[in-house]
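Chemist: To start, I am sharing the structure in question, which I have written as C-alpha coordinates.
The values are calculated or read from the model by the stated rules, or taken from the named source; none is laboratory data. On a predicted model such as this, the values are computed, not experimentally measured, just so you know. We place every Cβ from the backbone using ideal geometry, glycine too, and count neighbours over all the protein chains shown. These area figures cover heavy atoms from the full protein model, side chains too; ligands, DNA and RNA do not enter into them. Shrake-Rupley method; radii C 1.70, N 1.55, O 1.52, S 1.80 Å.
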Amino acid sequence: MQIFFPKEEDHEIRATILPEVAKKFTDLGIEVLIESGLGEKVFVSDEQYVDAGAYICSEKKEGYGSADVVCKINKPNHDEIQSLKKNSIYISFLDPFNERQIVSDLAAANVSSISMELVPRITRAQKMDALSSQANLAGYAAVIEASRTLSKSFPMMMTAAGTISPARVFVVGVGVAGLQAIATAKRLGARVEAFDTRPVVEEQVKSLGGKFVKIDIGDTEETDQGYAKELTSEQIKMQQDGMKKICSQSDVIITTAQVFGRQAPRIITQDMVEAMQPGSVIVDMAVSTGGNVEGSKNDEYVFHNGVTIIGMSNLPGEVARDASQVFGSNLFNMIDEFWDKENKNINFDLDDEILKGCVITHQGSIVNESVK
Ligand code: NAD
(Lines give C-alpha, C1' and ligand atoms only; values in the text may rest on other atoms or scores of the structure.)
Protein backbone atom coordinates (compact mmCIF):
# COMPACT_ATOMS: atom_id res chain seq x y z
CA MET A 1 0.00 0.00 0.00
CA GLN A 2 1.23 3.47 -0.84
CA ILE A 3 0.34 6.64 1.04
CA PHE A 4 0.95 10.09 -0.43
CA PHE A 5 1.43 13.39 1.41
CA PRO A 6 1.11 16.25 -1.11
CA LYS A 7 2.30 19.78 -0.33
CA GLU A 8 -0.36 22.02 1.18
CA GLU A 9 -1.61 25.28 -0.35
CA ASP A 10 0.80 28.25 -0.40
CA HIS A 11 -0.85 29.90 2.62
CA GLU A 12 -0.38 26.83 4.82
CA ILE A 13 2.73 26.67 7.00
CA ARG A 14 2.04 23.30 8.58
CA ALA A 15 3.18 20.04 6.98
CA THR A 16 0.87 17.03 7.13
CA ILE A 17 3.56 14.79 8.51
CA LEU A 18 7.08 15.02 9.93
CA PRO A 19 9.81 12.39 9.39
CA GLU A 20 9.40 10.75 12.82
CA VAL A 21 5.82 9.86 11.95
CA ALA A 22 6.73 8.92 8.35
CA LYS A 23 9.04 6.30 9.85
CA LYS A 24 6.16 4.81 11.85
CA PHE A 25 4.26 4.31 8.58
CA THR A 26 7.23 2.66 6.85
CA ASP A 27 7.69 0.42 9.90
CA LEU A 28 4.16 -0.87 9.26
CA GLY A 29 5.24 -1.82 5.73
CA ILE A 30 3.49 1.12 4.05
CA GLU A 31 5.29 2.91 1.22
CA VAL A 32 5.38 6.63 2.01
CA LEU A 33 5.50 9.13 -0.84
CA ILE A 34 6.19 12.79 -0.03
CA GLU A 35 5.84 15.70 -2.43
CA SER A 36 9.15 17.51 -2.63
CA GLY A 37 9.20 20.56 -0.34
CA LEU A 38 6.39 19.34 1.97
CA GLY A 39 8.33 20.23 5.11
CA GLU A 40 10.29 23.26 3.93
CA LYS A 41 8.23 25.83 5.92
CA VAL A 42 8.86 23.89 9.13
CA PHE A 43 12.54 23.52 8.26
CA VAL A 44 12.37 19.84 7.33
CA SER A 45 14.24 18.82 4.16
CA ASP A 46 13.35 16.14 1.63
CA GLU A 47 16.47 14.28 2.76
CA GLN A 48 15.11 13.96 6.29
CA TYR A 49 11.99 12.25 4.93
CA VAL A 50 14.19 9.97 2.79
CA ASP A 51 16.23 9.09 5.89
CA ALA A 52 12.93 8.04 7.51
CA GLY A 53 12.35 5.61 4.63
CA ALA A 54 10.06 7.75 2.46
CA TYR A 55 10.23 8.39 -1.29
CA ILE A 56 10.08 11.87 -2.79
CA CYS A 57 8.07 12.80 -5.87
CA SER A 58 8.35 16.14 -7.60
CA GLU A 59 5.00 16.06 -9.41
CA LYS A 60 1.82 16.32 -7.33
CA LYS A 61 -0.22 14.60 -10.07
CA GLU A 62 2.11 11.62 -10.05
CA GLY A 63 1.47 11.05 -6.33
CA TYR A 64 -2.29 11.49 -6.64
CA GLY A 65 -2.41 9.08 -9.55
CA SER A 66 -0.50 6.28 -7.87
CA ALA A 67 -1.35 6.41 -4.15
CA ASP A 68 -3.89 4.19 -2.39
CA VAL A 69 -4.26 6.75 0.40
CA VAL A 70 -3.76 10.54 0.19
CA CYS A 71 -3.53 12.66 3.36
CA LYS A 72 -3.66 16.44 3.72
CA ILE A 73 -4.53 18.99 6.37
CA ASN A 74 -6.73 21.24 4.22
CA LYS A 75 -9.67 20.26 2.05
CA PRO A 76 -8.96 19.28 -1.57
CA ASN A 77 -9.69 21.42 -4.62
CA HIS A 78 -11.52 20.16 -7.69
CA ASP A 79 -8.32 19.28 -9.59
CA GLU A 80 -6.96 17.30 -6.68
CA ILE A 81 -10.15 15.26 -6.45
CA GLN A 82 -10.06 14.59 -10.19
CA SER A 83 -6.46 13.35 -9.87
CA LEU A 84 -7.28 10.79 -7.17
CA LYS A 85 -7.22 7.11 -8.11
CA LYS A 86 -10.59 5.36 -8.20
CA ASN A 87 -11.26 3.49 -4.92
CA SER A 88 -8.44 5.32 -3.15
CA ILE A 89 -8.84 6.80 0.34
CA TYR A 90 -8.60 10.54 0.94
CA ILE A 91 -8.17 11.97 4.48
CA SER A 92 -8.13 15.64 5.59
CA PHE A 93 -10.29 18.30 7.24
CA LEU A 94 -13.21 18.48 4.79
CA ASP A 95 -15.71 20.86 6.38
CA PRO A 96 -18.39 18.50 5.00
CA PHE A 97 -21.43 20.42 6.29
CA ASN A 98 -20.47 23.46 4.23
CA GLU A 99 -18.51 21.95 1.34
CA ARG A 100 -21.30 20.14 -0.46
CA GLN A 101 -19.54 20.31 -3.83
CA ILE A 102 -16.38 18.71 -2.46
CA VAL A 103 -18.42 15.94 -0.89
CA SER A 104 -20.33 15.19 -4.08
CA ASP A 105 -17.13 15.39 -6.17
CA LEU A 106 -15.46 12.86 -3.86
CA ALA A 107 -18.44 10.53 -4.19
CA ALA A 108 -18.50 10.94 -7.97
CA ALA A 109 -14.77 10.19 -8.15
CA ASN A 110 -15.38 6.93 -6.28
CA VAL A 111 -13.09 7.96 -3.47
CA SER A 112 -13.52 6.85 0.15
CA SER A 113 -13.12 10.06 2.10
CA ILE A 114 -12.54 10.66 5.80
CA SER A 115 -13.26 13.99 7.46
CA MET A 116 -10.92 14.63 10.39
CA GLU A 117 -13.54 16.96 11.96
CA LEU A 118 -15.96 14.09 12.35
CA VAL A 119 -13.77 11.66 14.27
CA PRO A 120 -16.14 10.79 17.12
CA ARG A 121 -15.32 11.88 20.63
CA ILE A 122 -14.97 8.50 22.21
CA THR A 123 -12.03 7.35 24.30
CA ARG A 124 -10.67 5.00 21.61
CA ALA A 125 -10.54 7.86 19.09
CA GLN A 126 -8.90 10.52 21.27
CA LYS A 127 -5.48 9.80 19.75
CA MET A 128 -6.94 10.58 16.29
CA ASP A 129 -8.72 13.79 17.31
CA ALA A 130 -7.09 16.45 15.14
CA LEU A 131 -9.68 19.10 16.03
CA SER A 132 -8.46 18.91 19.61
CA SER A 133 -4.75 18.62 18.82
CA GLN A 134 -4.93 21.76 16.66
CA ALA A 135 -7.32 23.68 18.96
CA ASN A 136 -5.00 23.13 21.90
CA LEU A 137 -2.07 24.76 20.06
CA ALA A 138 -4.37 27.47 18.70
CA GLY A 139 -5.42 28.41 22.25
CA TYR A 140 -1.78 28.86 23.18
CA ALA A 141 -0.97 30.83 20.01
CA ALA A 142 -3.98 33.14 20.52
CA VAL A 143 -2.71 34.26 23.92
CA ILE A 144 0.85 34.73 22.67
CA GLU A 145 -0.45 36.86 19.79
CA ALA A 146 -2.62 38.90 22.17
CA SER A 147 0.29 39.48 24.54
CA ARG A 148 2.47 40.62 21.64
CA THR A 149 -0.19 43.10 20.49
CA LEU A 150 -1.20 44.45 23.91
CA SER A 151 0.88 47.40 25.07
CA LYS A 152 0.72 46.19 28.67
CA SER A 153 2.58 43.38 30.42
CA PHE A 154 0.64 40.28 31.39
CA PRO A 155 2.20 39.73 34.82
CA MET A 156 1.97 42.02 37.79
CA MET A 157 5.34 43.66 38.47
CA MET A 158 6.36 45.35 41.68
CA THR A 159 9.17 47.70 40.84
CA ALA A 160 10.90 50.62 42.50
CA ALA A 161 9.02 52.83 40.04
CA GLY A 162 5.68 51.50 41.18
CA THR A 163 3.43 48.50 40.75
CA ILE A 164 2.24 47.36 37.35
CA SER A 165 -1.11 45.62 37.59
CA PRO A 166 -1.62 42.28 35.82
CA ALA A 167 -3.46 42.21 32.50
CA ARG A 168 -7.09 41.12 32.71
CA VAL A 169 -7.93 38.36 30.27
CA PHE A 170 -11.47 37.16 29.58
CA VAL A 171 -11.88 33.84 27.78
CA VAL A 172 -15.28 33.21 26.20
CA GLY A 173 -15.84 29.53 25.40
CA VAL A 174 -13.95 26.99 27.47
CA GLY A 175 -13.48 23.95 25.26
CA VAL A 176 -10.07 22.64 24.26
CA ALA A 177 -8.80 25.97 22.89
CA GLY A 178 -10.27 28.00 25.75
CA LEU A 179 -8.72 25.80 28.42
CA GLN A 180 -5.29 26.15 26.82
CA ALA A 181 -5.82 29.91 26.49
CA ILE A 182 -6.62 30.12 30.21
CA ALA A 183 -3.60 28.00 31.13
CA THR A 184 -1.28 30.07 28.91
CA ALA A 185 -2.58 33.43 30.16
CA LYS A 186 -2.21 32.23 33.77
CA ARG A 187 1.36 31.08 33.10
CA LEU A 188 2.11 34.56 31.79
CA GLY A 189 0.75 36.02 35.01
CA ALA A 190 -2.55 37.49 33.85
CA ARG A 191 -5.73 37.65 35.90
CA VAL A 192 -8.10 35.34 34.04
CA GLU A 193 -11.88 35.13 33.93
CA ALA A 194 -13.86 32.79 31.70
CA PHE A 195 -17.38 31.94 30.66
CA ASP A 196 -18.98 29.03 28.84
CA THR A 197 -22.60 28.04 28.35
CA ARG A 198 -21.81 24.56 29.65
CA PRO A 199 -21.76 24.88 33.46
CA VAL A 200 -19.65 21.70 33.76
CA VAL A 201 -16.54 23.66 32.81
CA GLU A 202 -16.63 25.79 35.96
CA GLU A 203 -14.46 23.29 37.86
CA GLN A 204 -11.98 23.10 34.96
CA VAL A 205 -11.62 26.89 34.89
CA LYS A 206 -11.03 26.97 38.64
CA SER A 207 -8.49 24.16 38.48
CA LEU A 208 -6.42 26.31 36.12
CA GLY A 209 -6.55 29.27 38.49
CA GLY A 210 -9.17 31.20 36.54
CA LYS A 211 -12.42 32.68 37.78
CA PHE A 212 -15.61 31.34 36.24
CA VAL A 213 -18.09 34.09 35.43
CA LYS A 214 -21.62 33.04 36.29
CA ILE A 215 -24.33 34.33 33.97
CA ASP A 216 -27.85 33.01 34.19
CA ILE A 217 -28.99 32.26 30.64
CA GLY A 218 -31.56 29.59 31.49
CA ASP A 219 -31.28 25.98 30.40
CA THR A 220 -28.33 25.01 28.23
CA GLU A 221 -27.53 21.62 26.87
CA GLU A 222 -24.61 19.72 25.47
CA THR A 223 -24.57 16.87 22.96
CA ASP A 224 -23.43 13.36 23.88
CA GLN A 225 -20.08 14.30 22.30
CA GLY A 226 -19.62 17.24 24.69
CA TYR A 227 -20.48 19.97 22.18
CA ALA A 228 -22.61 22.97 23.20
CA LYS A 229 -26.10 23.26 21.72
CA GLU A 230 -27.11 26.47 20.01
CA LEU A 231 -28.56 29.20 22.25
CA THR A 232 -31.77 31.04 21.43
CA SER A 233 -31.47 34.72 20.49
CA GLU A 234 -32.94 35.62 23.92
CA GLN A 235 -30.25 33.59 25.65
CA ILE A 236 -27.50 35.26 23.58
CA LYS A 237 -28.92 38.63 24.65
CA MET A 238 -28.86 37.56 28.33
CA GLN A 239 -25.28 36.38 27.86
CA GLN A 240 -24.27 39.70 26.28
CA ASP A 241 -25.87 41.69 29.10
CA GLY A 242 -24.07 39.53 31.66
CA MET A 243 -20.71 39.94 29.92
CA LYS A 244 -20.79 43.68 29.20
CA LYS A 245 -19.12 44.87 32.37
CA ILE A 246 -16.36 42.24 32.32
CA CYS A 247 -15.64 42.93 28.65
CA SER A 248 -15.30 46.66 29.32
CA GLN A 249 -12.79 45.95 32.11
CA SER A 250 -10.73 43.39 30.19
CA ASP A 251 -7.44 44.15 28.48
CA VAL A 252 -7.72 41.02 26.37
CA ILE A 253 -10.72 38.96 25.27
CA ILE A 254 -10.18 35.58 23.63
CA THR A 255 -13.34 34.16 22.05
CA THR A 256 -13.47 30.48 21.10
CA ALA A 257 -17.23 29.80 21.10
CA GLN A 258 -18.37 27.25 18.52
CA VAL A 259 -21.54 25.27 17.94
CA PHE A 260 -20.71 22.09 16.04
CA GLY A 261 -21.80 22.07 12.40
CA ARG A 262 -23.22 25.62 12.59
CA GLN A 263 -22.10 29.23 12.31
CA ALA A 264 -20.28 30.45 15.41
CA PRO A 265 -22.52 32.52 17.72
CA ARG A 266 -22.12 36.31 17.47
CA ILE A 267 -21.44 37.27 21.08
CA ILE A 268 -19.36 40.46 21.23
CA THR A 269 -21.24 43.34 19.64
CA GLN A 270 -19.82 46.61 18.37
CA ASP A 271 -21.14 48.36 21.53
CA MET A 272 -19.21 45.93 23.69
CA VAL A 273 -16.03 46.56 21.66
CA GLU A 274 -16.55 50.32 21.98
CA ALA A 275 -16.90 50.02 25.76
CA MET A 276 -13.38 48.57 26.04
CA GLN A 277 -10.34 50.70 26.87
CA PRO A 278 -8.31 51.91 23.87
CA GLY A 279 -5.30 49.61 23.46
CA SER A 280 -7.29 46.49 24.39
CA VAL A 281 -7.08 43.38 22.21
CA ILE A 282 -9.64 40.79 21.13
CA VAL A 283 -8.69 37.52 19.47
CA ASP A 284 -11.67 36.01 17.63
CA MET A 285 -10.75 32.35 17.34
CA ALA A 286 -14.07 31.60 15.64
CA VAL A 287 -13.41 34.05 12.80
CA SER A 288 -13.36 31.42 10.05
CA THR A 289 -16.74 29.96 11.06
CA GLY A 290 -18.58 33.27 11.11
CA GLY A 291 -16.94 35.03 14.07
CA ASN A 292 -17.89 35.64 17.70
CA VAL A 293 -17.02 39.32 17.40
CA GLU A 294 -18.79 41.94 15.34
CA GLY A 295 -16.31 43.45 12.89
CA SER A 296 -13.69 40.68 12.99
CA LYS A 297 -12.28 39.70 9.58
CA ASN A 298 -10.57 36.55 8.42
CA ASP A 299 -6.79 36.94 8.50
CA GLU A 300 -6.93 40.61 9.36
CA TYR A 301 -6.15 42.91 12.27
CA VAL A 302 -9.11 45.27 12.50
CA PHE A 303 -8.70 48.49 14.53
CA HIS A 304 -11.95 49.79 15.97
CA ASN A 305 -12.10 52.67 18.43
CA GLY A 306 -8.59 51.90 19.66
CA VAL A 307 -9.30 48.18 20.08
CA THR A 308 -7.43 45.64 17.95
CA ILE A 309 -9.57 42.71 16.79
CA ILE A 310 -7.36 39.84 15.64
CA GLY A 311 -8.93 37.35 13.25
CA MET A 312 -6.24 34.83 12.42
CA SER A 313 -7.79 31.77 10.77
CA ASN A 314 -4.74 29.56 11.11
CA LEU A 315 -3.50 29.96 14.68
CA PRO A 316 -2.05 26.43 14.82
CA GLY A 317 0.15 27.55 11.92
CA GLU A 318 1.84 29.97 14.35
CA VAL A 319 3.33 26.92 16.05
CA ALA A 320 3.54 24.99 12.81
CA ARG A 321 6.20 22.49 13.75
CA ASP A 322 4.29 21.20 16.77
CA ALA A 323 0.98 21.38 14.90
CA SER A 324 2.50 19.24 12.11
CA GLN A 325 3.85 16.77 14.62
CA VAL A 326 0.51 16.19 16.31
CA PHE A 327 -1.56 16.24 13.11
CA GLY A 328 0.69 13.57 11.56
CA SER A 329 0.38 11.51 14.73
CA ASN A 330 -3.43 11.78 14.59
CA LEU A 331 -3.32 10.44 11.02
CA PHE A 332 -0.93 7.65 11.90
CA ASN A 333 -3.05 6.60 14.87
CA MET A 334 -6.11 6.42 12.65
CA ILE A 335 -4.48 4.28 9.97
CA ASP A 336 -2.71 2.11 12.53
CA GLU A 337 -6.05 1.44 14.29
CA PHE A 338 -7.50 -0.07 11.10
CA TRP A 339 -4.32 -1.57 9.65
CA ASP A 340 -4.70 -5.19 8.61
CA LYS A 341 -1.21 -6.60 9.16
CA GLU A 342 -1.79 -9.79 7.20
CA ASN A 343 -3.31 -8.30 4.07
CA LYS A 344 -1.31 -5.08 4.33
CA ASN A 345 -4.24 -2.79 3.78
CA ILE A 346 -6.80 -0.74 5.70
CA ASN A 347 -9.76 -2.64 7.07
CA PHE A 348 -12.47 -0.24 5.96
CA ASP A 349 -15.16 -1.48 8.30
CA LEU A 350 -18.08 0.92 8.13
CA ASP A 351 -19.73 -0.78 11.10
CA ASP A 352 -16.89 0.43 13.29
CA GLU A 353 -18.04 3.37 15.45
CA ILE A 354 -15.08 5.56 14.48
CA LEU A 355 -15.32 5.01 10.71
CA LYS A 356 -19.09 5.24 10.82
CA GLY A 357 -18.65 8.72 12.31
CA CYS A 358 -15.98 10.13 10.01
CA VAL A 359 -16.22 8.37 6.62
CA ILE A 360 -18.13 10.68 4.31
CA THR A 361 -18.08 8.97 0.91
CA HIS A 362 -17.51 5.36 -0.06
CA GLN A 363 -18.00 3.38 -3.27
CA GLY A 364 -19.57 6.24 -5.13
CA SER A 365 -22.07 7.39 -2.48
CA ILE A 366 -22.32 9.68 0.51
CA VAL A 367 -22.47 7.23 3.42
CA ASN A 368 -22.28 9.51 6.45
CA GLU A 369 -25.69 9.86 8.08
CA SER A 370 -25.19 13.37 9.51
CA VAL A 371 -23.75 14.72 6.25
CA LYS A 372 -26.48 13.06 4.19
P1 NAD B 1 -16.03 23.70 20.48
O2 NAD B 1 -14.82 24.08 19.70
O3 NAD B 1 -17.18 23.10 19.77
O4 NAD B 1 -16.57 25.03 21.21
C5 NAD B 1 -15.73 25.79 22.06
C6 NAD B 1 -16.47 26.13 23.32
O7 NAD B 1 -17.45 27.14 23.04
C8 NAD B 1 -17.23 24.98 23.95
O9 NAD B 1 -16.76 24.77 25.27
C10 NAD B 1 -18.70 25.45 23.93
O11 NAD B 1 -19.41 25.01 25.06
C12 NAD B 1 -18.51 26.93 23.93
N13 NAD B 1 -19.67 27.75 23.52
C14 NAD B 1 -20.60 27.53 22.57
N15 NAD B 1 -21.48 28.55 22.51
C16 NAD B 1 -21.07 29.47 23.43
C17 NAD B 1 -21.54 30.73 23.84
N18 NAD B 1 -22.62 31.29 23.30
N19 NAD B 1 -20.86 31.38 24.81
C20 NAD B 1 -19.78 30.84 25.40
N21 NAD B 1 -19.28 29.63 25.05
C22 NAD B 1 -19.92 28.96 24.08
O23 NAD B 1 -15.65 22.80 21.73
P24 NAD B 1 -14.44 21.82 21.94
O25 NAD B 1 -13.21 22.58 22.26
O26 NAD B 1 -14.36 20.93 20.78
O27 NAD B 1 -14.85 21.01 23.24
C28 NAD B 1 -16.15 20.79 23.69
C29 NAD B 1 -16.08 19.79 24.86
O30 NAD B 1 -15.75 18.49 24.40
C31 NAD B 1 -15.05 20.15 25.90
O32 NAD B 1 -15.58 19.95 27.16
C33 NAD B 1 -13.94 19.19 25.64
O34 NAD B 1 -13.16 18.92 26.79
C35 NAD B 1 -14.71 17.97 25.19
N36 NAD B 1 -13.88 17.08 24.36
C37 NAD B 1 -14.00 15.72 24.55
C38 NAD B 1 -13.23 14.85 23.77
C39 NAD B 1 -13.34 13.36 23.94
O40 NAD B 1 -12.73 12.64 23.20
N41 NAD B 1 -14.08 12.87 24.85
C42 NAD B 1 -12.39 15.34 22.81
C43 NAD B 1 -12.30 16.73 22.63
C44 NAD B 1 -13.07 17.57 23.42
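Chemist: For segment 254-372, which fully contained strands (runs of 3 or more DSSP E) count at least 1 residues that are within 22 Å of GLN134 (Cβ to Cβ) and within 13 Å of the ligand (Cβ to nearest atom)?
Modeler: In segment 254-372, 281-284 are the strands (runs of 3 or more DSSP E) which contain 1 or more residues that are within 22 Å of GLN134 (Cβ to Cβ) and within 13 Å of the ligand (Cβ to nearest atom).
Chemist: Give the number of residues within segment 357-372 that are in contact (Cβ under 8 Å) with a residue 40 or more places away in the chain and either among the acidic types (Asp, Glu) or open to solvent by 50 Å² or more (accessible area, probe 1.4 Å) (or both).
Modeler: 4
Chemist: Here is a follow-up. Pairs please, first residue from segment 171-185 and over 11 Å from ASP196 (Cβ atoms), second anywhere and within 7 Å of the ligand (Cβ to nearest atom), Cβ atoms under 7 Å, 6+ apart in sequence or on different chains.
Modeler: VAL176/SER132; VAL176/ALA135; ALA177/ALA135; ALA177/THR256; ALA181/THR256
Chemist: Another question, then. What is the one condition in (1) open to solvent by 20 Å² or more (accessible area, probe 1.4 Å); (2) closer than 18 Å to MET334 by Cβ; (3) small (Gly, Ala, Ser) that SER104 does not satisfy?
Modeler: The number of the failed condition is (2).
Chemist: If you don't mind, there's one more thing I want to ask. Among the residues of segment 191-212, how many are more than 8 Å from the ligand (Cβ to nearest atom) and out of contact with any helix residue (DSSP H, G or I) (no Cβ under 8 Å at 6 or more places or on another chain)?
Modeler: Of the residues in that region, 6 qualify.
Chemist: I would also like to ask the following. Among the residues of segment 262-282, count how many are within 18 Å of GLN239 (Cα to Cα) and among the basic types (Lys, Arg).
Modeler: 1
Chemist: Return the residues of segment 46-83 that are surrounded by 13 or more Cβ atoms within 10 Å (Cβ to Cβ) and without any contact (Cβ under 8 Å) to a residue 12 or more places away in the chain; say none if nothing qualifies.
Modeler: Passing the criteria: VAL50, GLU62.
Chemist: For THR232, indicate whether it is within 8 Å of the ligand (Cβ to nearest atom), open to solvent by less than 80 Å² (accessible area, probe 1.4 Å) and assigned by TED's automatic domain parsing to the domain that holds ARG191.
Modeler: Taking the combined requirement at face value, the residue does not satisfy it.
Chemist: If you don't mind, there's one more thing I want to ask. Under 6 Å between Cβ atoms, which residue pairs at least 6 apart in sequence (or on different chains) link something in segment 312-337 that is within 26 Å of VAL293 (Cβ to Cβ) with a partner that is open to solvent by 10 Å² or more (accessible area, probe 1.4 Å) and acidic (Asp, Glu)?
Modeler: Here the result reads SER313/ASP299, each pair linking segment 312-337 to a residue that is open to solvent by 10 Å² or more (accessible area, probe 1.4 Å) and acidic (Asp, Glu).
Chemist: Right, next: Run down ASN98, ASN74 and say which single residue is at pLDDT below 95 and closer than 19 Å to VAL371 by Cβ.
Modeler: Answer to the selection: ASN98.
Chemist: Could you say whether any residue in segment 213-228 is more than 29 Å from SER153 (Cβ to Cβ), in a strand (DSSP E or B), near the ligand (Cβ under 10 Å from one of its atoms) and in the same structural domain as SER288 (by TED's automatic domain parsing)?
Modeler: yes
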